[in-house]
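Heads up: the structure comes next, in structure tokens.
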Amino acid sequence: MEPAELLAAYEQMAVIRRTEKAAHDLFLQGLVKGTTHLAAGHEAIAVGASAALRPDDYVFATYRGHHHAMARGATPEECLAELMSRATGLCKAKGGSMHLTKASTGMLGSYAIVGAHLPMAVGAAWSARLRGTDRIAVAFFGDGATNIGAFHEALNLAAVWKLPVLFVCENNLYMEYTPIADVTAVARPAADRAPAYGIPGEVVDGNDVVAVQETVARLAARARAGDGPALLEARTYRHFGHSRADPATYRPAEEVERWLKHDPLDLARGRLIESGVPEAVVHEADERATTAVQKAVEAAKAAPAPDPDEALTDVWADGGAAWRT
Amino acid sequence: MADVISYREAVAEGIAREMRRDPNVVCLGEDIGEAGGVFKTTAGLLKEFGPERVWDTPISEQAIVGAAMGAAMTGMRPVAEIMFSDFLACCWDYLANEIPKVRYMTGGQVTVPLVVRTANGGGLGFGAQHSQATENWAFTVPGLKIAAPATPADVIGMMAAAIRSDDPVVFFEHKGLLAAKGAPVPPDHVVELGRAAVVREGVDVTLVALASMVPVALKAAELLSGEGVEAEVVDLRCLVPLDVSTVLASLGRTSRLVTVEENPYQGGWGATLVSVVADEGFGLLDAPVRRVAGECVPLPFADALEERVIPTVEKVVAAVRGLAAY
């Protein structure tokens with residue numbers, strides 16, 4: 001990454017971090033209902049991968065997907081408005097935190113059934129190939145998804161059909177509340193499964209935005225060239241619990257401390273300074289991010305609630321919901 | 001053009017017609033290519049359209065339907081085959097949680113123009129895990145259109161409508177009807193989804209049936225005619241959209257309703273239809289409603305046992321006779 005590119009990535013990560021913090025605070029204020037699965041700590045995976053992809057590539061994410069929506073162009077205001085049940089939300093307040101989607105930029109959804117979107121990404125890659133494009137599809141998922149059937153069906157089909165799809169595992173060491181190592185037969189839950197499907201499996205520091213960008217760029221180029229799918233395991237760590245209900249007390253203090261010292265924003269900041277970007281310039285990026293998210297919170301708060309009749313639209317392609325004559 | 005076409009041939013013909021007119025229509029499923037499908041319902045497609053449009057898959061129902069969904073969201077019109085409708089359970093997440101909900105939960109950002117075809121129903125001695133009539137499973141989930149044709153002409157016409165639909169359609173092909181024959185079907189034959197057909201007119205009772213139960217209802221109507229009872233038979237064709245209007249109009253003529261359903265009584269589609277009739281057509285009725293449906297047990301293997309469970313002509317006739325007192 002060139003310094004300018006890294007600075008832009010840093011600012012994007014700073015926006016995501018602040019948006020997630022705002023989501024947390026708004027939840028505590030009673031302005032976000034249901035639950036949230038915050039991605040604070042995972043920013044470098046979304047931002048690094050996005051920097052390596054083309055705008056016309058397809059991205060599929062999970063219920064922990066705010067960072068992917070924003071990395072693909074959703075604004076903090078659209079996301080927070082959705083979380084706050086506003087008519088201006090990204091999904092018109094019909095999706096909520098777990099389903100952020102920005103189809104216009106190729107971010108084709110956040111799915112809350114573990115592993116379900118991996119076959120969808122395979123289908124999008126298949127479609128890209130059938131339509132004669134060189135687009136690729138990327139599925140982001142957690143370490144817990146590596147033990148569900150859809151993961152294995154998707155990997156096999158993608159490999160057999162040699163499709164341009166990347167499977168990116170965000171391994172944050174815990175499947176919900178349980179250490180992934182306690183429930184998985186291999187040490188590296190994603191990468192160690194790749195050989196079974198005859199595809200490359202790699203591990204990358206998921207908190208290092210430059211490493212993520214470089215690795216994804218290399219695997220994407222390979223997929224785009226027709227050399228088939230790959231599986232990337234990006235090691236990372238949640239700053240919050242699994243979901244809003246989880247204080248994450250099961251994680252050892254020493255482990256938490258170690259990972260917080262390996263923060264994706266700190267790493268990127270260090271790289272910027274190292275490459276000669278003045279601290280004041282980095283500080284300005286932080287300030288811009290803070291201001292942008294503050295404005296987004298205020299705008300989302302001011303936005304109207306949806307018209308209740310909106311509930312009876314968008315089932316069918318004609319916009320309606322009629323199921324009978 | 002041949003003098004007759006079988007229901008089985010109509011499936012392949014219906015798909016082929018749409019593949020000829022739209023290059024975005026592609027097929028995927030287990031054994032659908034060189035083998036032509038285990039029921040030969042995709043025979044000839046690979047030969048005519050080649051391996052870039054007819055794709056054999058592994059035994060991976062989640063990958064089949066999930067990939068169809070991803071392809072449909074990005075510009076294709078996939079036609080996915082799930083070999084037996086019982087296997088829909090293996091990919092139920094896609095039919096219950098993903099496909100019918102993705103348009104809604106994204107606020108209308110995506111469409112999912114796909115067809116999931118599947119061989120449905122009993123009567124062939126395939127036992128408990130290959131014989132179920134599962135159309136009522138799909139009927140529990142808002143967001144799926146449900147087609148279940150009873151004749152070769154409807155197979156072709158409804159297949160055209162299903163593939164052209166911008167909404168997801170679950171298309172139930174009845175195993176017991178595959179050998180049934182019908183008249184050849186003119187080009188560009190399209191049967192709009194959600195339009196029931198009155199396939200026999202009558203004034204004494206309305207029999208509402210679906211798929212393999214349509215010929216059962218028609219045979220029952222013939223027998224009843226000999227007893228002086230003229231039954232009107234409505235082929236529902238689709239469960240969603242559900243053509244309540246045609247049923248209510250028929251009840252306006254007959255005042256008596258019997259549903260003929262292969263799926264179990266417990267949770268069967270007739271329950272919803274009858275509830276709408278009770279709500280909106282109570283004044284039309286002169287007699288209690290009867291539902292002739294599958295017994296609430298797993299499908300047994302032996303013919304004698306299977307016939308005990310699935311509705312038969314005799315059971316329909318008996319139900320109608322029971323209404324004579326009113």
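Overview of values
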read-out	value
Subset of the stretch B:173-197 (residues that are outside any loop (DSSP other than H, G, I, E, B) and within 14 Å of another protein chain (Cβ to nearest Cβ))	B:197
Selection status of residue A:93, touching a Ser or Thr at 6+ places or on another chain (Cβ under 7 Å) and over 23 Å from residue A:144 (Cα atoms)	yes
Filtered residue count, the stretch A:118-150, keeping only those that are out of contact with any Cys (no Cβ under 9 Å at 6 or more places or on another chain), closer than 21 Å to residue A:99 by Cβ and more than 8 Å from chain B (Cβ to nearest Cβ)	4
Restricting the stretch A:14-59 to residues that are among the acidic types (Asp, Glu) and within 30 Å of residue A:128 (Cβ to Cβ), the residue that is surrounded by the fewest Cβ atoms within 10 Å (Cβ to Cβ)	A:56
Tally, over the stretch B:70-94, of residues that are surrounded by fewer than 22 Cβ atoms within 10 Å (Cβ to Cβ) and of a type in the set (A, V, I, L, M)	2
Matching residues, the stretch B:285-308, being in contact (Cβ under 8 Å) with a residue 40 or more places away in the chain and outside any loop (DSSP other than H, G, I, E, B)	B:294, B:303, B:306
Selected residue [aromatic (Phe, Trp, Tyr) and touching a Gly at 6+ places or on another chain (Cβ under 7 Å)] from A:58, A:63	A:58
Every residue from the stretch B:170-198 that is of a type in the set (Val, Ile, Thr), out of contact with any Leu (no Cβ under 7 Å at 6 or more places or on another chain) and touching a residue at least 40 places away in the same chain (Cβ under 8 Å)	B:185, B:191, B:198
Test result for residue B:58, in contact with a strand residue (DSSP E or B) (Cβ under 8 Å, 6 or more places away or on another chain) and within 27 Å of residue A:152 (Cα to Cα)	no
Some residue of the stretch B:203-216 being within 14 Å of another protein chain (Cβ to nearest Cβ), in contact (Cβ under 8 Å) with a residue 12 or more places away in the chain and assigned to a strand (DSSP E or B)	yes
Answer residue from the stretch A:131-178, given it is among the small types (Gly, Ala, Ser) and within 16 Å of the chain's Cα centre (by Cα) and is nearest to residue B:55 (Cα to Cα) among those	A:137
Close pairs (8 angstrom Cβ cut-off, 6 or more residues apart or separate chains): more than 12 Å from every other protein chain (Cβ to nearest Cβ) in the stretch A:72-96, among the hydroxyl-bearing types (Ser, Thr, Tyr) and not in a helix (DSSP H, G or I) anywhere	A:77/A:88; A:83/A:36
Residue list for the stretch A:196-223, restricted to those being crowded, with 20+ Cβ neighbours inside 10 Å, in contact (Cβ under 8 Å) with a residue 40 or more places away in the chain and small (Gly, Ala, Ser)	A:206, A:220, A:223
Failed criterion for residue B:248 (all others in (1) within 25 Å of residue B:155 (Cβ to Cβ); (2) within 14 Å of chain A (Cβ to nearest Cβ); (3) in a helix (DSSP H, G or I) hold)	(1)
Selection count where residues are away from chain B (no Cβ under 14 Å), exposed (fewer than 13 other Cβ atoms within 10 Å of the Cβ) and small (Gly, Ala, Ser), scope the stretch A:295-325	2
Of all residues making up the stretch B:251-282, the number that are aromatic (Phe, Trp, Tyr) and within 14 Å of chain A (Cβ to nearest Cβ)	1
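FYI, it's all coordinate maths here, none of it is from the lab. Keep in mind that this is a model prediction, so the values were computed, not measured. Note that we place each Cβ from the backbone using ideal geometry, even for glycine, and neighbour counts take in every protein chain shown.
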